[in-house]
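Reviewing the structure listed below.
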Amino acid sequence: MSGLSREPPMIPPKYFYDSHGSMLFERITRLPEYYPTRTERSIMGTHGRDMAQRIPAESTVIELGAGNCEKAHELCSLIRPACYVPIDISADFLHDAAQALRDAHPTLDVRPVVADLAADIDLDGEVPAERRLVFYPGSSIGNFEPDDAAGLLSRSRRLLDGDGAMLVGVDLVKEESVLHAAYNDAENVTAAFNLNALAHLNRLIGSNFDLREWRHHAFFNHARSRIEMHLEALVDTTVAWMGGERRFRRGERIHTENSYKYGIEDFAGLLDRAGFSSIVCWTDPRRWFAVFLAHA
Ligand code: AVI
């Protein structure tokens, strides 16, 4: 894991998501302080019919980072797609979730694809090319650097014919106290989620991180408009792993995640740069979150 030897050290956020980490993330989405999931759901609830009217019937929904396919159930009842293509990096999780979706919607053609969103997405020729909707809910686009987010939007755009569109959830800039609380919850679930990356690495690369020697640290970086998550050493400590070793001073931090918060105009600009047009967006009354629909 080369990130541990970097200056400053980092662990990519994909290491949060072993099975325990995925369970902790699901708990995060239900925390009172973590507003994004429920705010996005409320926007879909309030404006779903308006969205559905702008999306062709019998479309093919391609969901990026579909995970447990939970959001597909709501979307499917809104727009009734003919085909649903969940894409995720975790094969086992994806195939189980796809089966559950088939059981719940017997007439829906479900075709899971295992792929890493950071690379080119290769949909096998069997996925219908017309009336595609790329669906990327949950504001995970914020976990990419803005240039990489623009790259992912461009690659999504390339999956679409002239009649295709993208529906994407985006977390917006807001009062710092609200952001801070969402990533520093009272029950310390986010702290456990962050620290779990170390336990995951211990299993994957044979490192000997002692989780008691590290603490969760998350703050809003105004200049870069992002929440940063770090793990901070509570003591001087040496960590060894297969093929490497590093000494950490007390107070030294490992950067584990960025979560960018956008302004509406800024994100519309990113969609525009990626070649999308006819961009519409819906927000909640507090303008904490936005769902964008952009056409190819
Ligand atoms: C997955 N992603 C949108 C979450 C976020 O808010 O950036 C991950 C997360 N990290 C800490 N809490 C939630």
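Throughout, read-outs are computed from the coordinates displayed, never taken from laboratory work. Every value quoted in this text rests on a predicted model; they were computed, and no experiment measured them. All Cβ positions, even for glycine, are placed from backbone atoms using ideal geometry, and neighbour counts span all protein chains on display.
For Val178 and Asp96, the difference between the fully extended length at 0.36 nm per residue and the C-alpha to C-alpha distance is 26.0 nm.
Karplus-based coupling profile of region 137-144, in residue order and whole Hz: x, x, 6, 5, 4, x, 7, 9, with θ = phi - 60° in 6.51 cos²θ - 1.76 cosθ + 1.60 and x standing for Gly or Pro. When you work out D = kT/(6 pi eta Rh) for the chain at 25 °C and 0.890 mPa s, using the Kirkwood radius from C-alpha pairs as Rh and the Stokes-Einstein form, the result is 122 µm²/s.
Based on C-alpha pairs under 8 angstrom that are at least 6 apart in sequence, the chain has a relative contact order of 22 percent. Taking every DSSP helix (H) stretch of at least 4 residues in the chain, weighting each as -39,500 (n - 2.57) and dividing the sum by the residue count yields a mean residue ellipticity at 222 nm of -10500 deg cm²/dmol.
The spacing between region 108-131 and region 172-240, judged by their C-alpha centroids, is 33 Å. Since only Ala118, Leu152, Ile79 are under comparison, the one whose Cα sits farthest along the positive direction of the charge dipole of region 59-185, derived from C-beta charges on Lys, Arg, Asp and Glu, is Ile79.
Less than 5 angstrom separates the built amide H of Phe135 from those of Ile62, Glu63, Leu64, Leu167, all sequence-distant by 5 or more or on a different chain. With a simple spin-label model that places each label point 7 Å from the Cα along the Cα-to-Cβ direction, the separation between Asp147 and Glu232 comes to 3.0 nm. Amide hydrogen proximity for Ala274: with H placed 1.01 Å from N in the peptide plane, no residue at 5 or more positions away or on another chain lies under 5 Å.
Taking 0.36 nm per residue of sequence separation and removing the Cα-Cα distance, the Phe219/Glu265 pair yields an extension gain of 14.2 nm.
Working note: Karplus 6.51/-1.76/1.60 with θ = phi - 60° gives region 252-259 the couplings 5, 10, 9, 7, 10, 7, 10, 10 Hz, where Gly and Pro are set to x. Can you give me the relative contact order of region 1-93 as a percent, contacts being Cα pairs under 8 Å and 6 or more apart? It rounds to 21 percent for region 1-93.
For region 1-122, a simple Cβ point-charge model (Lys and Arg +1, Asp and Glu -1, everything else neutral) yields a dipole of about 400 debye relative to the Cα centre. Note on region 111-259: Rg/Rh from Cα positions, Kirkwood definition for Rh, rounded to two decimals, is 1.06.
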